[in-house]
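One structure below.
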Amino acid sequence: MLNKITAKKKLENLIEKYQNNRAEIRNKANKYTEADARREYIDPFLEIFGWDIQNKKGKSLSDSDVITENKINKQDKPDYSLRRNGTIYYTVEAEKPGKNIHKDLQPSTQVLRYGWSAGNKVGILTNFETFQIFQTYQKPDLERPNKPWKSIEYTK
């Protein structure tokens, strides 16, 4: 895991990179995808916070820190399941930066359903531009999804 000073510098560099490329990324003509956002911004962000996205430690599949797009039941397949010692602590749903996760309810219903299905208390939704944290300890009402407990813009 990175020390606090190194992590802060890496995060500042990642945010600066995003800020410099933001207009091009958000330009619909460029067709910047969720996969692009995950590879360039979300994966590095999670790594800064200590999640071994690429399983560099070589842990077994059952013990690895991060599982991507792994089904937690017949219908739910979060983009990331963040685990410690094989237990899922957080599910993360990623979207492309051009998607307005403040207004589009589909991604928030997904993260609520994923967190509940995985037995987590917290689920995360991000398009890198915004990180939303949801409480997922109650069964979600998919007709009226909860608002995020916390919403943080990348500029903060």
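Which whole-number percent gives the relative contact order of region 54-156, counting Cα pairs below 8 Å spaced six or more residues apart? Numbers along the way, then the final one.
Working: 209 pairs, mean separation 19.7, N = 103.
Relative contact order comes out at 19 percent.
The alpha-carbon of Lys4 sits under 19 angstrom from the alpha-carbons of these lysines, leaving out residues fewer than 8 places away in its chain: Lys156. Name the residue farthest towards the positive end of the dipole of region 51-156 from the options Thr91, Leu112, Tyr137, assuming +1 on Cβ of Lys and Arg, -1 on Cβ of Asp and Glu, about the Cα centre. Sorting the options by dipole projection puts first Tyr137.
Residue order by solvent-accessible surface for Val111, Val122 is Val122, Val111, largest first, with ligands and nucleic acids left out and a 1.4 Å probe.
Our helix-only sum for the chain, with -39,500 (n - 2.57) per DSSP H run of n ≥ 4 divided by its residues, gives a mean residue ellipticity at 222 nm of -9500 deg cm²/dmol.
Expressed as a whole percent, the accessible surface of region 84-152 that belongs to carbon and sulfur atoms is 48, based on a 1.4 Å probe. For region 12-27, backbone phi angles converted through the Karplus equation (6.51, -1.76, 1.60; θ = phi - 60°) give residue-by-residue couplings of 4, 5, 5, 5, 4, 4, 5, 4, 5, 10, 4, 4, 5, 5, 7, 6 Hz, Gly and Pro being listed as x. Under a 10 Å cutoff between Cα atoms, tell me which one of Thr91, Thr33, Thr126 has the largest fluctuation in the Gaussian network model of the chain. It is Thr33. The amide H of Lys96, built 1.01 Å from its N in the peptide plane, has Glu34 as neighbours under 5 Å, considering only residues 5 or more places off or on other chains.
What FRET efficiency, computed as 1/(1 + (r/R0)^6) with R0 = 35 Å and r the Cβ-Cβ distance, is obtained for Lys74 and Asn13, rounded to the nearest 0.05?
0.30
Amide H contacts for Tyr89 (H built 1.01 Å from N in the peptide plane; partners 5 or more residues away or on another chain; cut-off under 5 Å): Leu82, Arg83, Arg84.
Using R₀ = 22 Å, calculate the FRET efficiency as 1/(1 + (r/R₀)^6) where r is the Cβ-Cβ separation of Lys121 and Ile152; round to 0.05.
Computed FRET efficiency for Lys121 and Ile152 comes out at 0.75.
The values are calculated or read from the model by the stated rules, or taken from the named source; none is laboratory data. In this text the structure is predicted, and so the values were computed from the model without any measurement. Note that we place each Cβ from the backbone using ideal geometry, even for glycine, and neighbour counts take in every protein chain shown. Heavy atoms of the whole protein, side chains included, go into the accessibility calculation; ligands, DNA and RNA do not. Shrake-Rupley method; radii C 1.70, N 1.55, O 1.52, S 1.80 Å.
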